[in-house]
Amino acid sequence: MDSEQLHGGRELGRYGSSAADRLQITGGTDAGRVRVALTGELDDETAVLLTAWLAAAVPAARAGAVVLDLSGVTFCDSMGLRAIILVWKRLHGAGGSLTAVGMAGQVRDLLDRTGLAGHITADHQSGAGLTAAS
């Protein structure tokens with residue numbers, strides 16, 4: 001059963017591990033903001049974990065701002081970018097904001113190649129942060 005194998009009751013992805021094993025999400029609230037750190041791969045199978053986590057966390061925290069730390073992301077594909085864009089659109093539409101920090105390497109290259117870098121401005125003052133532009 002290639003990608004349909006089960007591991008501990010969870011469906012395995014195409015890489016032989018479950019989505020939850022390939023993307024770890026940690027976070028909490030701080031001064032009305034939700035802070036989220038991602039570690040691992042953000043792709044078509046793991047992106048749903050991010051959107052589901054934020055869909056639950058943001059209303060529960062009554063937060064209008066999300067800080068998304070992508071410094072631990074080792075891979076991101078178009079579905080990962082789609083998840084980030086959908087989260088940003090949802091927050092922006094509700095008057096909130098999404099700040100992404102730690103975009104570098106492959107993640108930054110993907111933003112450049114897709115033209116999305118033009119919609120995200122680097123925070124040159126802190127050297128590490130990127131803030132989604134409106």
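Would you check which residues across the range 87-115 are exposed (fewer than 13 other Cβ atoms within 10 Å of the Cβ), on the phi > 0 side of the Ramachandran plot and touching a residue at least 12 places away in the same chain (Cβ under 8 Å) and list them? Scanning the range 87-115 gives a single hit, G95. Considering only the range 66-83, state which residues are in contact (Cβ under 8 Å) with a residue 40 or more places away in the chain and in a helix (DSSP H, G or I). Selection gives A83 alone.
Just to be sure before I move on: is L50 surrounded by 13 or more Cβ atoms within 10 Å (Cβ to Cβ), modelled with pLDDT of 85 or more and in contact with a Leu (Cβ under 8 Å, 6 or more places away or on another chain) in the structure I sent? Even if it seems obvious, please write down each step before you answer.
Numbers: surrounded by 13 or more Cβ atoms within 10 Å (Cβ to Cβ): yes; modelled with pLDDT of 85 or more: yes; in contact with a Leu (Cβ under 8 Å, 6 or more places away or on another chain): yes.
Judged against the criteria, L50 is a match.
Regarding G93, is this residue of a type outside the set (F, W, Y), over 14 Å from the mean Cα position of the chain (by Cα) and under 16 Å from L116 (Cα atoms)? Give the steps one after another, and end with the answer.
On the way: of a type outside the set (F, W, Y): yes; over 14 Å from the mean Cα position of the chain (by Cα): yes; under 16 Å from L116 (Cα atoms): no.
For G93, the condition - of a type outside the set (F, W, Y), over 14 Å from the mean Cα position of the chain (by Cα) and under 16 Å from L116 (Cα atoms) - is not met.
When you scan the range 6-24, do you find a residue that is modelled with pLDDT of 90 or more, under 14 Å from the mean Cα position of the chain (by Cα) and of a type in the set (K, R), even just one? Outline the logic, then answer.
First, the residues of the range 6-24 that are modelled with pLDDT of 90 or more: 22-24.
If we keep only those that are under 14 Å from the mean Cα position of the chain (by Cα) as well, we get 22-24.
Then keep just the ones that are of a type in the set (K, R); that gives 22.
Yes, because at least one residue in the range 6-24 is modelled with pLDDT of 90 or more, under 14 Å from the mean Cα position of the chain (by Cα) and of a type in the set (K, R).
The values are calculated or read from the model by the stated rules, or taken from the named source; none is laboratory data. Values in this document were obtained by computation on a predicted structure and should not be read as measured data. Reconstructed Cβ throughout: ideal geometry from the backbone, glycine too, with neighbour counts over all protein chains shown.
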